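Some notes on the structure that comes next.
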């Protein structure tokens, strides 16, 4: 019975973390999409450059809030964490650029709808990478 309760507690904790991660991701996404819209539609910045800039703004916001709120990670090894975060962000932005290319240029999907679909895909990728590497508790 103890193993069952321990497993249940771990699953609830993981679900709570994912919900916090998703909420913070939603806030960061609104910042990302707002910047993307402004850059791409109002300022006519090429959509791939707009994706890079907007993704960077959203990712930085996401890192800071997830570090202290979602994962409650107060590790003093900030340089190590930020290095891993940069690698994860590069993977995320490259995945975003790839999926944007596929949806916009190959499949001819509207670029804002493409951004929404891409964001959902990259959300799951980034959660896995952040929970496994960026904010992993030191053992």
- prompt: residue 40 passes all but one of (1) buried (at least 19 other Cβ atoms within 10 Å of the Cβ); (2) under 15 Å from the mean Cα position of the chain (by Cα); (3) more than 25 Å from residue 16 (Cβ to Cβ); which number fails?
  reply: (2)
query: Which condition breaks for residue 56 when tested against (1) assigned to a loop (DSSP other than H, G, I, E, B); (2) closer than 23 Å to residue 134 by Cα?
result: (1)
task: For the stretch 79-118, enumerate the residues that are over 30 Å from residue 44 (Cβ atoms) and either surrounded by fewer than 12 Cβ atoms within 10 Å (Cβ to Cβ) or in contact with a strand residue (DSSP E or B) (Cβ under 8 Å, 6 or more places away or on another chain) (or both).
output: 79
Criterion (out of contact with any strand residue (DSSP E or B) (no Cβ under 6 Å at 6 or more places or on another chain), buried (at least 18 other Cβ atoms within 10 Å of the Cβ), modelled with pLDDT of 90 or more and within 20 Å of residue 89 (Cβ to Cβ)) met by exactly one of 59, 50: 50
- request: Note down all Cβ pairs under 6 Å where the first residue falls in the stretch 124-135 and is within 12 Å of residue 70 (Cβ to Cβ), the second is outside any helix (DSSP H, G or I), and they're at least six residues apart or on different chains.
  value: 135/71; 135/73
- prompt: Which residue, of 128, 133, is in contact with a helix residue (DSSP H, G or I) (Cβ under 6 Å, 6 or more places away or on another chain), assigned to a helix (DSSP H, G or I), modelled with pLDDT of 85 or more and more than 24 Å from residue 46 (Cβ to Cβ)?
  reply: 133
- request: Select from the stretch 19-33 the residues that are crowded, with 16+ Cβ neighbours inside 10 Å and within 14 Å of residue 127 (Cα to Cα) and write down the one among them that is farthest from the chain's Cα centre (by Cα).
  value: 20
task: Taking only the stretch 104-123 into account, find how many residues are farther than 17 Å from residue 59 by Cα and touching a residue at least 24 places away in the same chain (Cβ under 8 Å).
output: 3
message: at pLDDT 95 or above, in contact with a helix residue (DSSP H, G or I) (Cβ under 7 Å, 6 or more places away or on another chain), within 19 Å of residue 57 (Cβ to Cβ) and in a helix (DSSP H, G or I): which single residue out of 85, 99 fits that description?
response: 99
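The values are calculated or read from the model by the stated rules, or taken from the named source; none is laboratory data. Here the structure is a predicted model, which is why all the values come from computation and not from measurement. Note that each Cβ is placed from the backbone with ideal geometry, even for glycine, and that neighbours are counted across all protein chains shown.
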